[in-house]
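Below you'll find the structure, written out as structure tokens, and then a few comments.
The values are calculated or read from the model by the stated rules, or taken from the named source; none is laboratory data. Note that this is a predicted model, so its numbers are computed, not measured. SASA here: full protein model, heavy atoms, side chains in, ligands and nucleic acids out. Shrake-Rupley method; radii C 1.70, N 1.55, O 1.52, S 1.80 Å.
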Amino acid sequence: ILLPYFYTLLHEASTNGMPIMRPVFFSDPKDLSLRAEEEAFLVGDNLLIIPAFANQPALPKGIWKELSLRGGAIIPTGKIIQNTTENSLDPLTLLVCLDEQGKASGNMYWDAGDGWSYKKGDYSLLQFVAERNGDKVTVKLTKKTGKYNTENKDMAVIKIITDQGIRQASGNLVEGIEIR
């Protein structure tokens, strides 16, 4: 399910050296109480992992929802597959958790998964934003770089995680997907 998120983190690691598994203080370097935390950790910037054996771990501030998803995050997910040669992005599902201002953003990197063609621009780097306006949230694809075409053809399922549960809609990300 999280293959698109992990693949995006691997791309990030290859371009700027950021580790995939990160100490919690990466979320707030000024919070000295997070420096000694050895049980909880982050996967990327947006997933907080708290092991069952953790005894009152120091946690980063902010909104953290089901799955410990950070407020302001959009996490790309796909369907369960048996190996990486299967189409994981049909359907592409974006998990959205809005921040205090009612906004979220996220990225997804994807390519053929084999070979070196990504070096010649045969990849897709997508940027998403979500914004609440009144009683509706709109999720859109705001930028696409690379020439690789993903199998989802800009269609996606959106799941907004709220205190009242999960709100879901589907549609075309270029046109924007609205959820009330």
Which shape class, rounded, prolate or oblate, goes with the chain when its Cα gyration tensor gives a ≥ b ≥ c as root eigenvalues, a/c under 1.5 marks rounded, and past that a/b bigger than b/c marks prolate?
oblate
Lys79 - accessible surface, heavy atoms, 1.4 Å probe, Å² rounded to 10:
80 Å²
Heavy-atom accessible area per residue - the chain, 1.4 Å, Å²:
57 Å²
For segment 34-73, the percent of accessible surface on carbon and sulfur atoms (probe 1.4 angstrom, ligands and nucleic acids excluded) is 51 percent
Excluding residues fewer than 8 positions from Lys140 in its own chain, the lysines with Cα under 22 Å of it are Lys65, Lys79, Lys103, Lys153, Lys159
Given a 1.4 Å probe and every protein chain left where it sits, what share in percent of the accessible area of segment 83-180 is carbon and sulfur?
43 percent
